[in-house]
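**Student:** Take a look at the following structure, please.
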There are 4 protein chains.
Amino acid sequence: MSAGKLETSGGRAGLLILDMVNCFDFPGADDLEPRALRAALTTDRLRQQFHEREWPVIYVNDNFGEWHSEPSRLIARALENDNPVTRLLQPSDQDYFIIKPQFSGFYSTNLPVLLPRLGVRRLVLTGVATDICVLFTAADAHMREYTLWVPQDAVAAEDDKRGKWALQIMAQSLGAQTAATSELSVDEWLASLED
Amino acid sequence: MSAGKLETSGGRAGLLILDMVNCFDFPGADDLEPRALRAALTTDRLRQQFHEREWPVIYVNDNFGEWHSEPSRLIARALENDNPVTRLLQPSDQDYFIIKPQFSGFYSTNLPVLLPRLGVRRLVLTGVATDICVLFTAADAHMREYTLWVPQDAVAAEDDKRGKWALQIMAQSLGAQTAATSELSVDEWLASLED
Amino acid sequence: MSAGKLETSGGRAGLLILDMVNCFDFPGADDLEPRALRAALTTDRLRQQFHEREWPVIYVNDNFGEWHSEPSRLIARALENDNPVTRLLQPSDQDYFIIKPQFSGFYSTNLPVLLPRLGVRRLVLTGVATDICVLFTAADAHMREYTLWVPQDAVAAEDDKRGKWALQIMAQSLGAQTAATSELSVDEWLASLED
Amino acid sequence: MSAGKLETSGGRAGLLILDMVNCFDFPGADDLEPRALRAALTTDRLRQQFHEREWPVIYVNDNFGEWHSEPSRLIARALENDNPVTRLLQPSDQDYFIIKPQFSGFYSTNLPVLLPRLGVRRLVLTGVATDICVLFTAADAHMREYTLWVPQDAVAAEDDKRGKWALQIMAQSLGAQTAATSELSVDEWLASLED
């Protein structure tokens with residue numbers, strides 16, 4: 001399917017899922033993985049809602065230094081071991097998959113071309129880690145004038161304290177909504193925004 | 001293999017192969033394909049030389065509006081029909097493959113992160129089309145201070161005249177070397193450059 | 001005046017004036033300057049029309065390697081000698097002035113933030129040189145999905161032949177309108193565009 | 001002076017001074033200004049050391065939505081009222097001055113072209129605010145593989161707590177050195193880095 005024909009629409013939003021296709025094999029992953037699983041359960045529910053609305057779901061995923069890889073191989077490799085996070089959030093055929101080589105999903109990736117084609121100006125950010133890739137993707141999105149919701153129950157960090165700080169910085173410095181999905185629905189979020 | 005450990009080296013160069021994984025199914029492709037095949041024969045020889053030197057070969061290829069694709073699928077699709085260009089230049093496992101969504105290989109792609117990791121400041125540009133993706137990738141490379149060789153027998157355009165004009169603009173405006181590989185070898189090119 | 005409050009409007013266009021604040025003291029400037037003066041006369045008429053419509057006029061000008069400069073000093077320096085081009089096109093207080101360090105007006109400049117704030121998706125490109133800064137700014141504008149008019153009588157190159165080639169490449173590869181202002185008015189151009 | 005001739009040198013570093021040419025007239029400025037003054041005293045000492053070494057000092061400063069401004073006018077405007085921060089840190093003629101339209105000093109500014117010309121790969125970040133422009137400039141610098149020192153006594157935030165969090169995120173997520181200048185000298189910092 002080509003993204004070329006879609007039109008900008010005020011209401012429409014995009015769901016970004018950061019680094020959840022992940023081998024969790026780096027230092028600190030033991031702390032991150034159970035927290036990522038809780039975030040994955042929330043993200044999966046959001047993803048279903050976006051699928052129902054036919055709004056775009058975009059995986060924005062690190063290549064983890066593996067420059068000869070591609071989405072299907074990154075997913076296969078993440079699923080080689082028991083990996084409930086990636087298993088739960090396996091991309092479906094209609095989802096987009098952007099490979100990023102650095103922390104921010106906007107830096108040296110196809111994302112800045114894809115998003116205007118998808119006609120979204122509002123992004124829901126989910127995934128890991130709150131104080132690294134989520135934070136710096138949020139900053140780049142804000143600088144490109146996207147409106148942000150980073151549901152605090154759909155993101156995770158190795159260290160809960162640093163995750164909380166990052167959320168407060170996103171709320172204060174980037175004007176991001178950070179309410180949990182238990183407190184705010186997609187429709188309530190959209191209704192809360194001025195046009 | 002990770003690109004993270006490679007070191008910058010003055011002599012080392014990178015070979016960029018533009019849009020040669022290609023279905024040649026667009027208007028004008030009938031004019032382009034035979035010319036692309038001549039360029040592919042030259043590019044294949046250059047590629048062998050780069051492989052022998054263990055210098056990086058980087059496919060920089062359009063997604064042709066197919067946002068749900070990835071390298072292996074782009075290649076498989078290009079090989080569905082008789083396609084001597086893509087068949088000759090099928091990427092090998094050690095080659096890099098960067099997907100670009102627009103004309104320039106540097107715009108919204110992983111390339112600006114990969115090239116510094118590969119330690120190259122000198123690029124040989126090959127592929128199609130001389131007056132579009134080759135020209136605008138060359139411009140972006142020049143603005144990022146890469147030294148360029150665009151061998152005139154390793155690039156092709158639908159229209160020979162526009163291809164020639166683009167080569168003259170690359171030579172004049174971007175300081176690119178544009179000699180044919182029959183007139184200049186890789187070693188001669190490198191020797192001609194001041195350090 | 002802040003650019004923050006302006007709204008996107010389909011009809012509105014922006015006028016870009018490239019490198020016309022210029023000392024014309026480089027090799028080849030003797031060939032370029034009389035051609036630039038002819039382009040300046042056309043550009044000045046366009047500028048008046050844009051002022052009357054209260055549409056943005058944006059100087060996008062090289063720093064010519066002078067990193068300690070700023071707009072007022074670049075203008076003062078260009079006016080130190082007899083310089084009919086810069087004298088004719090002196091920016092007025094309402095015009096914007098973007099300093100660019102490389103060929104393209106979009107590369108490492110404030111322009112990608114300013115244009116969305118000005119609410120323009122359509123650009124008229126004028127100035128020098130057709131086969132360098134105009135061509136590569138046009139390419140970057142096209143990749144960012146701006147609609148382009150490069151009036152052939154509002155741009156100039158050192159070499160008429162290379163200027164003509166660059167115009168043909170802009171027409172063919174970038175879909176740019178290149179009619180002269182004697183053949184096409186601003187209103188006719190806008191009317192010719194699909195929305 | 002042109003930046004075109006300088007060479008890369010491992011030891012050389014650059015000093016970035018963020019948003020200290022500032023009217024302090026926004027909400028929260030009353031909290032920020034006294035903290036900024038303490039940071040300015042440290043930054044001024046660093047600046048003297050950089051001047052003595054003939055290493056580049058680069059002001060990276062917001063246009064504060066004032067798109068018709070330029071460095072000299074931004075400085076004059078900041079000095080209209082009693083403003084000890086800007087008065088202390090007035091740029092000297094040899095210092096560079098980059099205007100940024102968004103939080104990060106790298107986003108849509110001339111900085112990505114200037115830094116390679118200055119031959120620096122190591123940056124000392126100073127200024128305001130720790131949890132906004134300093135943090136997001138640091139992230140962009142890290143993604144472009146610059147080595148960072150953000151001296152905690154040379155930066156300031158409106159809210160001390162958020163400033164401290166941002167410093168911890170820079171230390172943890174970006175590998176930044178954050179020791180105070182009372183604990184670490186420029187030479188000690190450089191000696192601590194692997195080449």
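The values are calculated or read from the model by the stated rules, or taken from the named source; none is laboratory data. Not measured: the values here are computed from a predicted model. Ideal geometry is used to build each Cβ from the backbone, glycine not excepted, and the neighbour counts take in all protein chains shown. The area values use the complete protein model at the heavy-atom level, side chains included, leaving out ligands, DNA and RNA. Shrake-Rupley method; radii C 1.70, N 1.55, O 1.52, S 1.80 Å.
**Student:** What Kirkwood hydrodynamic radius do you get for segment D:119-180 when you take the inverse of the mean 1/r over all pairs of distinct Cα atoms, in Å?
**Tutor:** 11.1 Å
**Student:** Given the rotation that superposes chain C on chain B, what residue of C brings its beta carbon nearest the axis, and what is the distance in Å?
**Tutor:** Result for the axis mapping C onto B: C:Trp165, 2.
**Student:** For a Förster distance of 41 Å, can you work out the FRET efficiency between the beta-carbons of D:Asp30 and D:His51, rounded to the nearest 0.05?
**Tutor:** 0.85
**Student:** Out of D:Leu16, D:Val113, D:Pro91, whose Cα points farthest toward the positive end of the dipole of chain D (charges: +1 Lys, Arg; -1 Asp, Glu; placed on Cβ)?
**Tutor:** So the residue we want is D:Val113.
**Student:** Can you sort D:Asp95, C:Asp153 by 1.4 Å-probe accessible area, starting with the largest?
**Tutor:** C:Asp153, D:Asp95
**Student:** Nearest 5 is fine: what % of DSSP beta bridges in segment C:3-189 come out antiparallel, could you say?
**Tutor:** So the antiparallel bridges amount to about 0 percent of the total.
**Student:** For chain A, what relative contact order do you get, as a whole percent, if you take Cα pairs closer than 8 Å and at least 6 residues apart?
**Tutor:** 27 percent
**Student:** Can you give me the pair-distance distribution of chain A, C-alpha pairs, 10 Å bins, whole percents?
**Tutor:** 9, 40, 39, 11, 1
**Student:** Cα-based Rg (one decimal) and Dmax (whole number) for segment A:31-88, in Å?
**Tutor:** Taking only Cα atoms of segment A:31-88, I get Rg and Dmax of 12.9, 35 Å.
**Student:** Let me have the 222 nm mean residue ellipticity of chain A computed from DSSP H runs of 4+ only, each contributing -39500 (n - 2.57), with the sum over all residues rounded to the nearest 500.
**Tutor:** Helix contribution divided over all residues of chain A: -12000 deg cm²/dmol.
**Student:** Along its three principal axes, how long is segment C:79-138 when you only count alpha carbons? Whole Å, largest extent first please.
**Tutor:** The principal-axis extents, from largest down, are 36, 29, 20 Å.
**Student:** May I pose another question? Rounded to the nearest 100 Å², what is the sum over both chains of accessible area buried where D meets A, with a probe of 1.4 Å?
**Tutor:** Buried surface at the D/A interface: approximately 2100 Å².
**Student:** Continuing with this model, one more query. With 44 Å as the cut-off, how large is the P(r) tail for the protein assembly as shown, expressed as percent of Cα-Cα pairs?
**Tutor:** Result: 25 percent of Cα pairs exceed 44 Å.
**Student:** Could you pull the Rg and Dmax for segment D:87-193, using just the Cα atoms, both in Å?
**Tutor:** 13.6, 37
**Student:** Another question, if that's okay. How much net charge surrounds D:Phe50 when only the other residues with a Cβ under 15 Å from the Cβ of D:Phe50 are counted, with Lys and Arg +1 and Asp and Glu -1?
**Tutor:** -1
**Student:** Tell me, what are the semi-axes, in whole angstrom and largest first, of the equivalent ellipsoid of segment B:32-141 as set by the roots of 5 times the Cα gyration tensor eigenvalues?
**Tutor:** The answer is 20, 18, 15 Å, longest axis first.
**Student:** Of all the accessible heavy-atom surface of segment C:3-189, with the other protein chains kept in place and a 1.4 Å probe, what percent is carbon and sulfur?
**Tutor:** Of all accessible area on segment C:3-189, carbon and sulfur atoms account for 44 percent.
**Student:** Let me ask another. With a 1.4 Å probe and all protein chains in place, put C:Glu33, D:Glu188 in order of accessible area, largest first.
**Tutor:** Per-residue accessible area, sorted high to low, gives D:Glu188, C:Glu33.
**Student:** Defining the label point at 7 Å along Cα→Cβ, can you sort the distances from B:Pro116 to the same site in each other copy, shortest first, in nm?
**Tutor:** For B:Pro116, the other copies' label points sit at 0.9, 2.4, 2.5 nm, shortest first.
**Student:** Under the definition of partner shielding as Cβ atoms of other protein chains within 10 Å of a residue Cβ, what is the mean value for peptide C:48-59?
**Tutor:** What the average comes to for C:48-59 is 0.
**Student:** Calculate how many DSSP beta bridges within the protein assembly as shown are antiparallel, expressed in % of all such bridges and rounded to the nearest 5.
**Tutor:** 5 percent
**Student:** Cβ under 10 Å from D:Asp62's Cβ, D:Asp62 left aside: what net charge do those residues give with Lys, Arg +1 and Asp, Glu -1?
**Tutor:** With Lys, Arg at +1 and Asp, Glu at -1, the neighbours total -1.
**Student:** Using a basic spin-label model with each label point 7 Å from the Cα along Cα→Cβ, how many nm lie between B:Ser72 and B:Leu193?
**Tutor:** With each label placed 7 Å out from Cα toward Cβ, I get 3.4 nm.
**Student:** Looking at this model, which pairs from A:Lys161/C:Lys100; A:Lys100/A:Lys164; A:Lys100/C:Lys161; A:Lys100/A:Lys161; A:Lys164/D:Lys100; B:Lys100/B:Lys161 are more than 31 angstrom apart at the alpha-carbon?
**Tutor:** Over 31 Å apart, Cα to Cα: A:Lys161/C:Lys100; A:Lys100/C:Lys161.
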